[in-house]
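What follows is a set of notes on a single structure, which appears directly below.
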Amino acid sequence: MTRTPVIGRFAPSPTGPLHLGSMVAAIASFVDARAAGGQWRLRIDNLDSTRCRPAWATSICSTLEAFGLHWDGAVQNQDSRRGLYAETLDQLIERRRAYPCGCTRREVQSLGRPGPAGLIYPGTCRGGLPPGRTARSWRFRAESQPVAFLDRCHGHQTVAVDELVGDFLLKRGDGLHAYPLAMVVDDAELGVTDIVRGADLLPATAPQVALQRELGLPTPRYLHVPVATDELGRKLSKTNAATAVDPRQASAITAAVLAFLAHPPPAEFDGAPPGELLEWAVRHWRPVRLQSRPGEEAFLLPHPL
Ligand code: GLU
């Protein structure tokens, strides 16, 4: 029996330069795909033009190149794919799995219960728009049947999407298609077999799997890797001014990220070019080592970098 060729991907949002937190996802997804002899694709998640800038996308691509993270094929850009997201939403509307919602964000904030993936929509418009209300957004009608999937680090997950996530957004009040819809369409088109990303996205996975099933799309394998935080436990992301990665420190950063991913390169690789460190990691990649790690961990860079 021939095994489906592995296709991994990295999907940064160009809202700033590549930072250490995203570098962990970039390196983990790259090494995981290459270790399986697979392709590594790049998608720019630039759906939200109010937050994303083409200049950041250019900067992310050149940083990846400088780190020896060379992707296969053309870059997929979400902003050129809106027509496809609209068609997918139409399919869901036709099948009555999407319904219009007239609630404002404030109403959802005041009535929704907190859940692991954000506020749980209270279901106000599920049975039809209340009189006098107009549709602002579109939501997925979550089923009571739980969604099950396997995460290679966190094991079997069974999630009652209706209770824990609720009827999530497919199209937002500002007219943008929501990320779960866009990403399942995009990953399916790229033929992604393996999604490797930060564990902060584990709670977002079940709705994505529910959508894949509804659309008849294959469910990839998942590997959610530990999320890098600072010493105070804050996620290293652009919101708390996480350090942009500096290509002049590519060797030290790559070694530190691999150590964070439970694959510290041996001492003889000290100062080696990032491409060589990545090659070493590809040859020695055992993602099972990540299983002993918590979901979030302080990212300790060697000092001075
Ligand atoms: N653009 C998303 C992010 O940067 C990617 C999430 C994913 O890998 O699915 O958080």
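What follows draws every value from the coordinates through simple rules; no lab data is involved. This one's a predicted model, so the numbers in the text were calculated from it and none came from an experiment. Every residue, glycine as well, gets a Cβ built from its backbone with ideal geometry; the counts of neighbours run over all protein chains shown.
Quick notes
- Computed over the Cα atoms of region 87-161, the ratio of the radius of gyration to the Kirkwood radius (Rg/Rh) comes to 1.04.
- The protection proxy used here, the mean number of other Cβ atoms lying within 10 Å of each residue, ranks peptides 279-290, 20-31 as follows, highest first: 20-31, 279-290.
- Radius of gyration over Kirkwood radius for the chain, both on Cα atoms: the Rg/Rh ratio is 0.98.
- Charge dipole (debye, nearest 20) of region 25-93; +1 at Cβ of Lys and Arg, -1 at Cβ of Asp and Glu: 120
- If you wrap the Cα atoms of region 22-113 in a convex hull and average its projected area over all directions, you get 9.4 nm².
- Ranking 215, 166, 179 by how far each Cα lies toward the positive end of the dipole of region 134-260 (charges on Cβ) leaves 179 at the top.
- Relative intensity, log₁₀ I(q)/I(0), of region 128-234 from a Debye sum that treats every alpha carbon as a point, q = 0.09, 0.23, 0.25 Å⁻¹: -0.28, -1.31, -1.43
- In summary, the convex hull built on the alpha carbon positions of region 1-50 has an orientation-averaged projected area of 4.1 nm².
- Taking 39, 78, 249 as the candidate residues, the one with maximal mean-square fluctuation in a Gaussian network model of the chain, Cα springs under 10 Å, is 249.
- Options 112, 18, 50, ranked by Cα towards positive dipole end of region 1-118, top entry (Cβ charges): 112
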